[in-house]
1. Residues that are assigned by TED's automatic domain parsing to the domain that holds residue 211 and surrounded by 18 or more Cβ atoms within 10 Å (Cβ to Cβ): find the helices (runs of 4 or more DSSP H) completely inside segment 367-463 holding 1 or more of those.
2. Out of segment 277-324, which residues are surrounded by 15 or more Cβ atoms within 10 Å (Cβ to Cβ), assigned to a strand (DSSP E or B) and at pLDDT below 95?
3. Could you pull out the residue among 173, 156, 141, 187 that is closer than 28 Å to residue 387 by Cβ and out of contact with any strand residue (DSSP E or B) (no Cβ under 8 Å at 6 or more places or on another chain)?
4. Looking for whichever is touching a residue at least 12 places away in the same chain (Cβ under 8 Å), part of a loop (DSSP other than H, G, I, E, B) and not assigned by TED's automatic domain parsing to the domain that holds residue 130 here; the options are 34, 67, 41, 60. Which one fits?
5. Just give me the residues in segment 199-225 being closer than 22 Å to residue 42 by Cα, out of contact with any strand residue (DSSP E or B) (no Cβ under 7 Å at 6 or more places or on another chain) and without any contact (Cβ under 8 Å) to a residue 60 or more places away in the chain, in sequence order.
6. Would you confirm, using the coordinates I've provided, whether residue 195 is crowded, with 17+ Cβ neighbours inside 10 Å, free of Cβ contacts under 8 Å to residues at least 24 places away in the same chain and touching a strand residue (DSSP E or B) at 6+ places or on another chain (Cβ under 9 Å)?
7. Check residue 92 against each of (1) under 15 Å from residue 148 (Cβ atoms); (2) surrounded by fewer than 21 Cβ atoms within 10 Å (Cβ to Cβ); (3) modelled with pLDDT of 95 or more and name the one condition it does not meet.
8. Which residues, taken from segment 480-498, are surrounded by 15 or more Cβ atoms within 10 Å (Cβ to Cβ) and in a helix (DSSP H, G or I)?
């Protein structure tokens, strides 16, 4: 079955952070936009990051000064745009014998501060005596000196969803569980066939510009676009993370220099846990389109545990892992000798400058710079879409990010006034996910009973239904691991109850 054809200015293939960022920017410039994603929004690489908005301190070793400067500028922009999901955090870098020389680390941090223009919200870098500083308490006695600096953490999955919400609010069509079957040029535009993975319904759409932001599957999209020759490629690098019960007190993180020259982050994660990552392993082919193949191997878990055990007094093993996840970074193939040395710069390849309908493919990129990447994509296709407006996204908050002047404290005070029957813990969890959109989630609920079925750990039917109607959630894992991280604490019975509820909601909507 094939539905009627529609014409768009822009068809964006890929619902990761770069795809939704492009859709948001384009829709706000007055363009007609359709975005399709073969799975859930952010369901692959963009929900499998180290949860950081950062400049990339270690990229300085590879002389990627432009990328670091752009990333640091975007760090400040995202703090303004999404203060409910982007938060400053201090990082402690213990210095151990045999690692990078202390003078080199100190120089790198000084340059990092200079490139960031010394954002007052984050503070400057410094040197620590770990024999007396509280940050040294969980570390082994041989770790005596360290440095600290500031970066930011982010809920990566929610960053994706909120950009998609912003795109839809400005008129974009967002289709999840929808794959590109094939595309070809016809009468000066692209004719693309899309297939709904659930219903099997196919839809023909016409678009003036086709934007390929499929991440690990960028080559697959190019192969689906008949008559296109693109010489560029991606280096697929698998990055794995593990989550263990909390290793230390405090709201700071650690960045560990490993004995192989790489670094490993150790980050507080959802109150009772610690996030550790990441590995870097080259893959020869992208994972299957069904999303399998993202598992974390025993070797990877052991590697991350060894890195932690070199520094921390409390020793861990793979048996302590509560949750593990892996993603595939689609880095631009620059023929670097190692995965760590592969550039994190993005490359935009535009085909169709000779009068054909244009295809723009994105190679590489990182979470922090998605907004600037979107601006550059639209700059490249402006010739084909001269009616588009100007860049606008840097000064406009993401949905829920328009916090009061006193930030989250002010929002919590407003919520406690509006919902005096609710606990502070419950309201804080909702505010961390939704910002000012909490009022849309809770509506005029006058008591707990008005929230509907309680699935446990502060998740009620009203929020589940909000995820379905406003955030494209369709399966239990969409909510357990991406819209929230409640999969960390829910037991099997609670997960099954949520899955059953979603199944009944889906059936009622057919």
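1. Hits in segment 367-463: 370-381.
2. Of everything in segment 277-324, those that are surrounded by 15 or more Cβ atoms within 10 Å (Cβ to Cβ), assigned to a strand (DSSP E or B) and at pLDDT below 95 turn out to be 277, 281, 283.
3. Sole residue among the options that is closer than 28 Å to residue 387 by Cβ and out of contact with any strand residue (DSSP E or B) (no Cβ under 8 Å at 6 or more places or on another chain): 187.
4. None of the other options fit; the residue is 41.
5. 199, the sole residue that qualifies.
6. yes
7. Every condition holds for residue 92 apart from (2).
8. Scanning segment 480-498 gives 480, 481, 482, 483, 486, 487, 488, 494, 495, 497, 498.
The values are calculated or read from the model by the stated rules, or taken from the named source; none is laboratory data. This structure is a prediction, so every number in the text was calculated from the model and none was measured. Backbone-built Cβ (ideal geometry, glycine too); neighbour counts: all protein chains shown.
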